[in-house]
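A quick write-up on the structure given underneath.
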There are 2 protein chains.
Amino acid sequence: MNSEASYEGGMEEKEKEEVQTNNQHELLQRKKNAVLVDGVILNGPAADSKMGEKFVEEVSKVIMEDVIKKAADVTEKVCEWQPPEKLKMLLDLELKDTGETYQRLMEFCQNVIKFSVKTNHPRFFNQLYAGIDYYSLAARFITEALNPSVYTYEVSPVFLLVEEAVLKKMIEFIGWKEGDGIFNPGGSVSNMYAMNLARYKHFPDIKEKGLSEMPRLVLFTSEECHYSVKKAASFLGIGTQNVYFIKTDERGKMIPEELEKQVQRARKEGSAPFFVSATAGTTVLGAFDPLDEIADICEKYDLWLHVDASWGGSALLSRKHRKLLQGIHRANSVAWNPHKMLMAGIQCCALLVKDNSNLLKRCYSANASYLFQQDKFYDISYDTGDKSIQCSRRADAFKFWMTWKALGTTGLEERVNRALALSRYLVDEIKKREGFQLLLEPEYANICFWYIPPSLRNMEKGHEFWEKLSHKQEENNKSCKPMTKDDGVV
Amino acid sequence: MNSEASYEGGMEEKEKEEVQTNNQHELLQRKKNAVLVDGVILNGPAADSKMGEKFVEEVSKVIMEDVIKKAADVTEKVCEWQPPEKLKMLLDLELKDTGETYQRLMEFCQNVIKFSVKTNHPRFFNQLYAGIDYYSLAARFITEALNPSVYTYEVSPVFLLVEEAVLKKMIEFIGWKEGDGIFNPGGSVSNMYAMNLARYKHFPDIKEKGLSEMPRLVLFTSEECHYSVKKAASFLGIGTQNVYFIKTDERGKMIPEELEKQVQRARKEGSAPFFVSATAGTTVLGAFDPLDEIADICEKYDLWLHVDASWGGSALLSRKHRKLLQGIHRANSVAWNPHKMLMAGIQCCALLVKDNSNLLKRCYSANASYLFQQDKFYDISYDTGDKSIQCSRRADAFKFWMTWKALGTTGLEERVNRALALSRYLVDEIKKREGFQLLLEPEYANICFWYIPPSLRNMEKGHEFWEKLSHKQEENNKSCKPMTKDDGVV
């Protein structure tokens with residue numbers, strides 16, 4: 001806030017007077033001892049910390065009432081919907097020359113919450129995450145307040161050790177004896193990391209020389225993969241044409257024989273196949289590629305096997321469901337997002353790497369001497385910042401660590417089992433209910449189904465039926481979306 | 001937490017009894033109406049929300065006392081230092097099968113705070129950010145609680161509009177009439193975005209075909225640039241050899257004549273020069289490259305001009321200091337991190353692009369139909385997720401919007417002016433004080449100086465002196481570090 005005078009709301013008259021007297025006293029003191037440079041008084045606080053603290057405290061109360069408590073209340077709305085132009089007016093977004101009053105700032109916070117989608121709500125089904133985890137949330141508040149950046153031990157001692165502990169445990173669940181890894185801003189970025197690591201492993205010169213003198217690199221993934229594989233190929237200079245999409249079976253799983261054919265085709269073309277991105281939990285169907293058979297092919301043709309388990313990785317924590325990822329220990333790298341089914345909060349994504357020869361660091365280091373001095377007074381292997389494509393990096397591992405500490409592995413396992421039991425229940429309900437048609441029996445938490453409007457219910461399910469149904473869905477803006485909420489059974 | 005029984009601390013006896021009675025009642029009800037699938041009771045809450053809420057509330061209190069209030073207290077320690085092995089033991093990092101007690105979880109939170117570096121502390125000088133901004137912090141708590149992902153309007157209506165408003169205002173301060181942009185996870189990633197955009201602009205085929213059929217791409221940056229430019233060249237498949245580092249003058253600024261020579265050299269070699277990354281505020285010296293002269297060369301040779309103003313961009317808000325970035329309006333793209341001098345909290349970084357022909361979207365889109373349906377009931381130009389290399393993306397613009405609303409442009413300007421006045425003050429003090437030697441007169445907030453130990457103070461400043469001094473610095477682990485804190489005058 002720009003000046004103390006603009007603090008108008010949220011206080012009793014008496015309190016106001018007290019604050020004013022204190023302020024006047026402070027001002028006098030300040031003037032007396034002022035150090036003036038270029039017209040700025042340098043000593044004394046830059047901000048009004050008392051008012052700031054009060055603001056944080058009041059907003060925290062609003063958050064507790066309007067976001068956290070309402071999150072559990074199924075009778076509340078998921079979203080107070082407004083179209084863009086109207087919402088702009090309601091929010092008063094314009095940034096002005098002078099600061100707003102305390103009262104107005106509180107209103108902004110209330111409005112932002114009011115018109116935002118409550119992704120914690122039991123009926124939020126839009127994406128591959130949902131619900132609230134209180135322990136993760138508390139950890140997130142801590143990191144926001146501490147404002148760390150995870151690159152060197154001296155500036156982030158706790159969070160670097162926490163990241164190490166979490167990575168170690170995730171590696172254990174993948175089934176590797178050892179490994180390395182890094183938390184980064186998303187599954188998409190994790191896939192990029194892996195792709196770049198793989199080409200560096202095959203052609204270490206690439207870091208210095210780039211691709212222009214290299215043979216054409218080719219990589220493989222299924223037709224049902226996440227779109228980030230394509231984005232990665234483009235961003236890394238490989239080109240989307242050099243992503244060979246492998247056919248999937250009727251359940252959306254990559255067909256290993258088709259993969260082998262495409263690898264052979266790439267070889268015949270004189271290009272350099274180097275990387276397979278298998279998917280464990282596809283975005284739409286929730287399909288798991290057959291990792292063991294894919295790993296055989298990767299070994300045979302010396303290809304890096306990456307598993308995009310951003311969505312499906314959480315099943316590793318369930319003794320009942322981890323068989324979905326059978327063979328994952330044979331992968332060279334794995335992307336796994338605890339911010340999805342494990343509810344760690346956006347973002348919380350790890351790339352895990354089987355290699356233990358410091359490949360991550362060799363591939364990504366730039367040896368910036370201002371940050372990663374070699375003459376520190378502690379073991380500099382804890383300065384993991386040079387493994388990253390980022391400089392500042394968030395302490396994303398901590399929130400997941402906190403949840404894991406709170407629930408234990410057993411509690412996380414229950415979370416996964418519960419999500420999949422809920423999916424099973426939904427499938428049974430869809431089957432029972434008129435006007436709903438299941439697309440296929442799910443193996444994970446994605447349930448794809450059609451809603452059949454009354455006008456089409458008596459039609460034969462031939463070509464005309466599907467055409468009309470598809471058209472109706474478009475009209476209703478109800479395309480096949482994953483249903484993954486691990487709550488909301490009424 | 002794993003079970004209600006483990007909730008041992010933080011309550012009075014009477015409260016405990018009450019909770020137990022309520023719990024028993026709830027349990028009975030639940031059993032009565034239970035829907036059982038695969039051994040999981042599906043109806044009823046997945047987590048104990050009352051205990052969870054209490055935990056969040058208590059942790060919030062600890063944050064207020066131990067992080068936020070202590071942040072303003074210069075008598076507190078910046079860090080309770082412990083070496084890695086000892087800290088591991090103190091923290092009890094191991095992740096176990098069963099959850100920990102409520103009391104133990106509270107202790108974890110307290111310890112994490114205790115042993116973390118207080119980056120809000122007035123004496124925190126380690127990196128290019130410092131201090132606490134209460135309004136930004138409140139906004140950060142809101143986004144953590146709402147847990148949004150900014151890709152489609154339907155799931156993030158408020159935060160997409162806020163991002164648009166902030167980008168628009170930043171574009172105004174750069175001096176463009178229009179433009180585009182995206183908040184992303186850091187200055188390093190912003191530089192990557194820009195580099196990829198530039199090559200796509202020059203060779204649109206690159207997205208599909210990749211670099212293997214392209215001429216060798218060459219880019220230019222100064223010797224004093226941030227290390228991320230090199231990382232970007234490697235990650236994007238261009239190769240670090242194809243980064244031509246341009247000599248700087250004695251103040252650390254790129255020498256335009258040297259740039260032109262190197263562009264000509266690259267052309268003679270038959271390679272394809274395409275991109276210049278100028279720096280506005282270098283990491284060590286705080287130097288600003290001469291943008292106008294560099295822009296002339298970029299225009300002459302048809303090169304994309306990117307300005308890495310991650311650190312220096314904030315000066316644009318000061319009428320007094322914006323001349324440091326004279327010519328920035330001629331850039332094709334700008335990286336600017338409000339999480340540094342403007343204290344928006346890590347991370348808050350924008351890439352801004354002058355182009356208004358939807359270049360960002362054309363370059364980055366993958367048209368994932370499950371997320372970016374074309375048949376929605378609102379203007380889908382608000383679905384900005386397809387401009388990004390990420391899928392989930394954090395609402396980083398909101399915290400900066402909140403600070404801007406609270407302080408107004410004038411307040412942000414004061415923040416910048418204050419930081420630079422403090423730097424001026426420090427320079428004057430260094431000059432006055434025995435045993436300190438200024439490296440050069442700063443133009444920004446980076447002050448580089450030597451500490452001269454008593455044993456060297458009477459030596460002549462020849463070769464031997466500098467060698468000994470440099471050796472001493474290594475011994476003392478006191479290399480030349482930027483001093484940028486906008487507080488801490490004692």
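Keeping to the range B:131-149, report how many residues are over 20 Å from A:S136 (Cα atoms) and buried (at least 24 other Cβ atoms within 10 Å of the Cβ). Lay out the reasoning, then the answer.
Looking only at the range B:131-149, we keep the residues that are over 20 Å from A:S136 (Cα atoms), and these are B:131-136.
Then drop every residue that is not buried (at least 24 other Cβ atoms within 10 Å of the Cβ), which leaves B:132-136.
Going through the range B:131-149 one residue at a time, the tally reaches 5.
Okay, residues lined up against (1) charged (D, E, K, R); (2) crowded, with 22+ Cβ neighbours inside 10 Å; (3) more than 8 Å from chain A (Cβ to nearest Cβ); (4) part of a loop (DSSP other than H, G, I, E, B):
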| site | (1), (2), (3), (4) |
| --- | --- |
| B:A350 | no, yes, yes, no |
| B:D355 | yes, no, yes, yes |
| B:L360 | no, yes, yes, no |
| B:Y370 | no, no, no, yes |
| B:G385 | no, yes, yes, no |
| B:F398 | no, yes, no, no |
| B:T403 | no, yes, yes, no |
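Can we say A:E163 is under 30 Å from B:E57 (Cα atoms), out of contact with any Leu (no Cβ under 6 Å at 6 or more places or on another chain), more than 9 Å from every other protein chain (Cβ to nearest Cβ) and crowded, with 24+ Cβ neighbours inside 10 Å? Please lay out each step first, then the result.
Working: under 30 Å from B:E57 (Cα atoms): yes; out of contact with any Leu (no Cβ under 6 Å at 6 or more places or on another chain): yes; more than 9 Å from every other protein chain (Cβ to nearest Cβ): yes; crowded, with 24+ Cβ neighbours inside 10 Å: yes.
For A:E163, the condition - under 30 Å from B:E57 (Cα atoms), out of contact with any Leu (no Cβ under 6 Å at 6 or more places or on another chain), more than 9 Å from every other protein chain (Cβ to nearest Cβ) and crowded, with 24+ Cβ neighbours inside 10 Å - is met.
Against the test of being surrounded by fewer than 21 Cβ atoms within 10 Å (Cβ to Cβ), in a helix (DSSP H, G or I) and facing chain A (nearest Cβ under 7 Å), the options B:K114, B:K88 yield a single qualifying residue, B:K88. Residue count for the range B:414-459 satisfying the condition of being assigned to a helix (DSSP H, G or I) and of a type in the set (D, E): 3.
Assess whether A:L325 counts as being under 30 Å from A:A445 (Cβ atoms) and either away from chain B (no Cβ under 11 Å) or out of contact with any helix residue (DSSP H, G or I) (no Cβ under 7 Å at 6 or more places or on another chain) (or both). Answer is yes for this residue. Scanning the range A:408-437 for residues that are more than 22 Å from A:K323 (Cβ to Cβ) and touching a residue at least 12 places away in the same chain (Cβ under 8 Å) yields A:I430, A:E434, A:G435, A:F436, A:Q437. For beta carbons closer than 7 Å, sequence separation of 6+ or different chains, a first residue in the range A:315-329 that is touching a residue at least 24 places away in the same chain (Cβ under 8 Å) and a second that is of a type in the set (K, R), the qualifying pairs are A:A315/A:R322; A:L316/A:R322. Of all residues in the range B:55-75, which are surrounded by fewer than 18 Cβ atoms within 10 Å (Cβ to Cβ) and over 26 Å from the mean Cα position of the chain (by Cα)? Passing the criteria: B:E57, B:E58, B:K61, B:T75.
For the range B:132-151, residues that are outside any helix (DSSP H, G or I) and facing chain A (nearest Cβ under 8 Å) total 5.
If I go through the range B:254-309 residue by residue, how many of them are within 28 Å of the chain's Cα centre (by Cα) and touching a residue at least 40 places away in the same chain (Cβ under 8 Å)? Final tally of qualifying residues: 23. When A:H121 is tested against the conditions (1) more than 7 Å from chain B (Cβ to nearest Cβ); (2) under 16 Å from B:P148 (Cβ atoms); (3) not in a loop (DSSP other than H, G, I, E, B), the lone failure is (3). Applying the criterion of at least 1 residues that are in contact (Cβ under 8 Å) with a residue 40 or more places away in the chain and under 22 Å from the mean Cα position of the chain (by Cα) to the helices (runs of 4 or more DSSP H) found wholly in the range B:157-225 leaves B:157-174, B:187-202.
Just so you know, all these numbers are worked out from the coordinates, no wet-lab data involved. In this text, all values refer to a predicted model and were calculated from it rather than measured experimentally. Neighbour counts run over all protein chains shown; Cβ positions are idealised from the backbone, glycine included.
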